[in-house]
1. What distance in nm separates the simple spin-label points at ASP255 and LYS101, each placed 7 Å from Cα in the Cβ direction?
2. Could you size up the charge dipole of the chain around its Cα centre, putting +1 on the beta carbon of Lys and Arg and -1 on that of Asp and Glu, and report it in debye to the nearest 20?
3. Starting at the first residue of region 238-249, write each ³J(HN,Hα) from the Karplus equation 6.51 cos²θ - 1.76 cosθ + 1.60 with θ = phi - 60°, in whole Hz, x for Gly and Pro.
4. Provide the three semi-axes, in whole Å and in decreasing order, of the ellipsoid equivalent to region 113-241 as defined by the square roots of 5 times the Cα gyration tensor eigenvalues.
5. Starting with the highest mean, order 63-69, 237-243 by the number of other Cβ atoms within 10 Å, averaged over the residues of each peptide.
6. Amide H to amide H under 5 Å from PHE50: which residues, 5+ apart in sequence or cross-chain, H placed 1.01 Å off N in plane?
7. Just going by the charge dipole of region 49-180, with Lys and Arg at +1 and Asp and Glu at -1 on Cβ, which of PRO107, SER150, ALA59 is farthest out on the positive end?
8. Just from its helices, what would the mean residue ellipticity at 222 nm be for the chain, if runs of 4 or more DSSP H residues each count -39500 (n - 2.57) and the sum is divided by every residue, rounded to the nearest 500 deg cm²/dmol?
Amino acid sequence: MDELYSMPIHFFRHVSFSNLGDELAPYILQKILKSRLKKVDPKENQNALFSVGSILADACFKTQTVWGSGLISAQARPKVMPNILAVRGPLTAQALQIDGKVPLGDPALILPDLYQPKSQIEKKFKLGVIPHYIDKNSFFNRFDPQGEVSFNILNIATNKVEEFIDRLIECEFIVSSSLHGVIIAQAYNIPAVWVEFSDNVIGAGFKFLDFFYSVGIAPYKPPRFLNGKITFYELMNLEKVHKGQLYINNYDKADLYSAIKKMTP
């Protein structure tokens, strides 16, 4: 009976594992809306709410609602235009021909308002590395710490949002091939750089640039580590190379909050 009163939401979930970037949707929506949530198939539920992730092209009905989702690539499009409260960034807005008409921002940007560790977490590591789940095995096989121990490799294939944030906050600098590794780090004011450890993350960087433009970060081509060793000092040096592109430079969360209030029961 409770499911009759649950809010239907759409987010991507792999069959055999979780991906933090996708699992942020139910976490954030539960915190904000304080409603029961029900994961649904967007092909079957006309009232599904889309939130975190590059899932906007999954929209099938005009009555579905989007709050902060983006497109996965410059070519992707939904079958129909849903009810859009906000999108991830200006590249998505331009592709949908709604630029200047809706708020911009990834909902993960409001995580610090929803969760702060109960006690102060000390910095334990100079470097935190967040490989995209598709890069994880390759990265482990090629990473050379060069005798250093002040690093942590964070597993993005998890649904334990708060535990992941606690581990991330222990790091002084983040290097990530996962978009939400970059977003969460920068949301918590930790310097972060986007890198590519393979050519396997789809979208040709569209979602990263979409995010960067939304928060005032000058777009850049990611350092690429496609073959051979990946060394600790190479990764640490990226903090100097990308100085000025490590932090959110200009973003106001007010419009993103105002947009989701329209969904408040």
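1. Going from the ASP255 label point to the LYS101 one covers 1.4 nm.
2. Charge dipole of the chain: 400 debye, to the nearest 20.
3. Those phi angles translate into 5, 5, 6, 4, 9, 4, x, 10, 9, 10, 5, 9 Hz.
4. Value: 21, 19, 14 Å, ordered largest first.
5. Listed from highest to lowest mean packing, they are 63-69, 237-243.
6. Long-range HN contacts for PHE50: HIS10, THR65, VAL66, TRP67.
7. Most positive-ward Cα: ALA59.
8. Calculated from helices alone, the mean residue ellipticity at 222 nm is -7500 deg cm²/dmol.
Taken together, the values in this text are just the output of simple stated rules run on the coordinates, not laboratory data. Values in this document were obtained by computation on a predicted structure and should not be read as measured data. Cβ: placed from backbone, ideal geometry, glycine included. Neighbour counts: every protein chain shown.
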